[in-house]
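The values are calculated or read from the model by the stated rules, or taken from the named source; none is laboratory data. Everything numeric in this text was worked out from a predicted model, so none of it was measured. No Cβ is skipped: glycine too gets one built from the backbone with ideal geometry, and neighbour counts run over all protein chains shown. The protein model used for the area step is the full one, side chains on, heavy atoms only, and it has no ligands, DNA or RNA in it. Shrake-Rupley method; radii C 1.70, N 1.55, O 1.52, S 1.80 Å.
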Amino acid sequence: MRTLQSLPQLCGHGGGMEDELPVRPRTQIQSRVLLLTICAAGIGGTFQFGYNLSIINAPTLYIQEFINETWQARSGKPQPDHLILLVWSLIVSLYPLGGLFGALLAGLMAIRLGRKKSLLVNNSFVVAAAIMFGFSRKARSCEMIMLGRLLMGVNAGVSMNIQPMYLGESAPKELRGAVAMTSAIFTALGIVMGQVVGLREFLGSLQVWPWLLASCLVPGVLQLTTLPLLPESPRYLLIDCGDTDACLAALKRLRGTGDVTGELEELEKERAACQGHHAQSPWELLQDRTLRRQVTSLVVLGSAMELCGNDSVYAYASSVFREAGVPEEKIQYTIIGTGSCELLTAFISCVVIERVGRRVLLMTGYCLMTCWGSIFTAALCLQSFFPWMPYLAMSCIFAFILSFGIGPAGVTGILATELFDQKARPAAYTICGALMWTMLFLIGLAFPFIMEGLSHLVYVPFVCVCICGAIYTGLFLPETKGKTFLEISKELQRLNLPRQTGRPRWTGPEVIQSTKV
């Protein structure tokens, strides 16, 4: 929070910003409203995703014991170990399955309800899930835990799509990347907070584990009390709803100045460019030849982020720390350091993204991950020959997570906002979200078998994915730093149809006038 507030672009007293943009001065009011919007959207958005992803690890043994006790109370005999494992696997896997449902629902909600209202309505899933978690032990029902995890997955799937869309449309173009990157910051912050709250000294004990799961209600309540006081996306208000007055009021609050003429004119051009067009469905988006490069970039780089091995390195962390001689009772504290690494680099990327650009951060992240993944593989293979190899492997875990936070963790989430125009953006986020949650589900399902089959070479496929991600970014991804949505659309139109002749001149991106999907 302090780091974001100190950004000269947000605060309006950081050197040469006033000289570059004399007609749109940055004031402390803009800093306050924009910063509050970021925090209110993030605390009940991607923070919830990271938080619920990590808190389930602490009560693993307690929940498995509860499953056995519930079965025994119903049938009069202990549950077999393989059935306990099956029920536990269902509890874990229902989260990404719910995320898939939420991702498919997000595009429709963003169009029909708007960005801000969708985030608020999304908290109904949190309230229902918290009730399920809180009363599950008293009701002796592991099914309530399953349903709660499914509902939290739906919540995460919706918020992971709508939060970056809302923030990207609310930010000025010179801050759009930094503001959208805050989604990654809140994800990493949620992971760290989940790891801390899940410690035995807090809510990670046998007596209070249902309250640990139900603690997801706290971020939801914070969002419900703060977000209604903040403005809706100005772009949605003007282009989707046609409400010029509401758009003007939202722009003035977010920018902290009454002079928003230039930005309003830019939005009016988008609105007038193709009036009468409806929002695209995901299927129409996949068939649209003029968006082929954008869709390909979204699929390739979205898949690369999920298949690069960052989630899997967390699974390896405990065993590597154990091999390095970390005492068993201290491993839980060491693992907090892994989440802190991702949080640190997310903050750094947020500060530098508008200086170095998106492509540089993505390429740097994937190249460094390739390097550290290769060294990690070598360390695993040689750890029985050299006593210091486990320490090298432990260092590689932190370096790999740091590299992931530099680029792929945050920049990938910006792509759907910047590469697609207003009519295609909800469908793009639906495709991106569905892809992400499907990959997350499949990796969670397949990783134990990959680990068993490849043993110490388990990271070779992930290193190959990192290499492909770096190459694709360098060759095919255009830079969008400091460009308006109109400029980005024109450049991508030129790249998609380089030999287009004899057709009407393209004058701008297609824009929503109705809310038909």
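Of note:
- Of all the numbered requirements in (1) touching a helix residue (DSSP H, G or I) at 6+ places or on another chain (Cβ under 8 Å); (2) within 30 Å of residue 285 (Cα to Cα); (3) surrounded by fewer than 18 Cβ atoms within 10 Å (Cβ to Cβ), residue 97 misses one, and that requirement is (3).
- Condition check for residue 443: closer than 24 Å to residue 368 by Cβ, open to solvent by 40 Å² or more (accessible area, probe 1.4 Å) and not small (Gly, Ala, Ser): no
- Number of positions in region 255-311 that are of a type outside the set (A, V, I, L, M) and under 30 Å from residue 401 (Cβ atoms): 10
- Checklist (1) within 21 Å of residue 444 (Cβ to Cβ); (2) modelled with pLDDT of 90 or more applied to residue 93, failing item: (2)
- Restricting region 399-408 to residues that are open to solvent by 10 Å² or more (accessible area, probe 1.4 Å) and modelled with pLDDT of 90 or more leaves a set whose member that is nearest to residue 343 (Cα to Cα) is 402.
- Counting only residues that are open to solvent by 10 Å² or more (accessible area, probe 1.4 Å) and within 15 Å of residue 457 (Cα to Cα), region 370-388 holds 11 of them.
- Test: residue in region 117-130 that is modelled with pLDDT of 95 or more, buried (at least 24 other Cβ atoms within 10 Å of the Cβ), under 14 Å from residue 46 (Cβ atoms) and of a type in the set (A, V, I, L, M, F, W, C): yes
- Test: residue 322 is more than 18 Å from the chain's Cα centre (by Cα), touching a residue at least 12 places away in the same chain (Cβ under 8 Å) and surrounded by fewer than 20 Cβ atoms within 10 Å (Cβ to Cβ): no
- Top-ranked residue of region 331-369 - restricted to ones that are open to solvent by 30 Å² or more (accessible area, probe 1.4 Å) and hydroxyl-bearing (Ser, Thr, Tyr), ranked as nearest to residue 178 (Cα to Cα): 364
- Residues of region 282-312 that are over 19 Å from the mean Cα position of the chain (by Cα) and of a type in the set (A, V, I, L, M): 285, 286, 291.
- Scanning region 409-437 for residues that are among the small types (Gly, Ala, Ser) and either in a helix (DSSP H, G or I) or modelled with pLDDT of 90 or more (or both) gives 409, 410, 413, 416, 427, 428, 433, 434.
- Hey, residue 279 in contact with a helix residue (DSSP H, G or I) (Cβ under 9 Å, 6 or more places away or on another chain), open to solvent by less than 30 Å² (accessible area, probe 1.4 Å), of a type outside the set (D, E, K, R) and in a loop (DSSP other than H, G, I, E, B) or not: yes
- When residues of region 261-281 are limited to those that are among the aliphatic types (A, V, I, L, M) and modelled with pLDDT under 85, the one nearest to the chain's Cα centre (by Cα): 279
- Some residue of region 284-303 being small (Gly, Ala, Ser), touching a residue at least 40 places away in the same chain (Cβ under 8 Å) and in contact with an Asp or Glu (Cβ under 9 Å, 6 or more places away or on another chain): no
- Residue count for region 298-317 satisfying the condition of being touching a Pro at 6+ places or on another chain (Cβ under 8 Å), within 19 Å of residue 396 (Cα to Cα), open to solvent by less than 20 Å² (accessible area, probe 1.4 Å) and assigned to a helix (DSSP H, G or I): 1.
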